[in-house]
1. Looking at S25, S70, S29, S62, which one is without any contact (Cβ under 8 Å) to a residue 40 or more places away in the chain, over 29 Å from S115 (Cβ atoms) and touching a strand residue (DSSP E or B) at 6+ places or on another chain (Cβ under 9 Å)?
2. Scan segment 72-93 residue by residue and report those that are at pLDDT 95 or above and charged (D, E, K, R).
3. Determine whether S30 is at pLDDT below 95 and touching a Leu at 6+ places or on another chain (Cβ under 7 Å).
4. If you scan segment 67-115, which residues turn out to be among the small types (G, A, S), open to solvent by less than 40 Å² (accessible area, probe 1.4 Å) and touching a Lys or Arg at 6+ places or on another chain (Cβ under 7 Å)?
5. Does K32 satisfy the criteria of being touching a Gly at 6+ places or on another chain (Cβ under 7 Å) and open to solvent by 50 Å² or more (accessible area, probe 1.4 Å)?
6. Kindly indicate which of A49, A40 is open to solvent by less than 10 Å² (accessible area, probe 1.4 Å) and touching a Ser or Thr at 6+ places or on another chain (Cβ under 9 Å).
7. Residues being closer than 12 Å to S21 by Cα, among the charged types (D, E, K, R) and not in a strand (DSSP E or B): count how many of those fall in segment 57-115.
8. Taking the residues in segment 1-56 that are assigned to a strand (DSSP E or B) and among the polar types (S, T, N, Q) as candidates, determine which candidate is farthest from the chain's Cα centre (by Cα).
Amino acid sequence: QVQLVESGGGLVQSGGSLRLSCAASGSISSIKIMGWYRQAPGKQRELVAQKTNDGSTHYADSVKDRFTISRDNAKNTVYLQMNSLKPEDTAAYYCNAWGFTLNSWGQGTQVTVSS
């Protein structure tokens, strides 16, 4: 299994920036894709961004050109740089590690964007 610990959430004004971090430990070699999801109150959890082992990335349309996902394989850490934040980005953000034999989630970190 893989353990994931997120950090970096907080309160920011509209137009501001935050960087989320997710440190992975455990069966790192089993990870094929790492990603970030978010869940706002009363809404379903949705994919924000993901990055595969070969470097391919995918972003939700709502965050393209504002968010950037990156991985530091030496530190087993994935980041989500969030710029030009909007109130609708307010949500709990969850890190995910997926592989053929695993699907692990972090505990979540809250991001609140004030207008």
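1. Details: S25 fails: without any contact (Cβ under 8 Å) to a residue 40 or more places away in the chain; S70 fails: over 29 Å from S115 (Cβ atoms); S62 fails: over 29 Å from S115 (Cβ atoms).
Only one candidate passes the filter, namely S29.
2. If the condition is that a residue be at pLDDT 95 or above and charged (D, E, K, R), then K86, E88, D89 are the ones that fit.
3. On the way: at pLDDT below 95: yes; touching a Leu at 6+ places or on another chain (Cβ under 7 Å): yes.
So S30 fits the description; yes.
4. A91, A92, G99
5. Numbers: touching a Gly at 6+ places or on another chain (Cβ under 7 Å): yes; open to solvent by 50 Å² or more (accessible area, probe 1.4 Å): yes.
Criteria met by K32.
6. Numbers: A40 fails: open to solvent by less than 10 Å² (accessible area, probe 1.4 Å).
Step by step, each of A49, A40 is checked, and only A49 is open to solvent by less than 10 Å² (accessible area, probe 1.4 Å) and touching a Ser or Thr at 6+ places or on another chain (Cβ under 9 Å).
7. 1
8. The first filter runs over segment 1-56 and keeps only residues assigned to a strand (DSSP E or B), leaving 2-7, 10-13, 18-26, 33-39, 46-52.
Cutting the leftovers down to among the polar types (S, T, N, Q) gives us 3, 7, 13, 21, 25, 39, 50, 52.
Numbers: Q3: 14, S7: 10, Q13: 19, S21: 8, S25: 16, Q39: 11, Q50: 8, T52: 13 Å.
Among residues in segment 1-56 that are assigned to a strand (DSSP E or B) and among the polar types (S, T, N, Q), the one farthest from the chain's Cα centre (by Cα) is Q13.
The values are calculated or read from the model by the stated rules, or taken from the named source; none is laboratory data. In this text the structure is predicted, and so the values were computed from the model without any measurement. Using ideal geometry, Cβ is built from the backbone for each residue, glycine included, and neighbour counts are taken over all protein chains shown. To get the accessible areas, we keep the full protein, side chains included, count just its heavy atoms, and leave off ligands, DNA and RNA. Shrake-Rupley method; radii C 1.70, N 1.55, O 1.52, S 1.80 Å.
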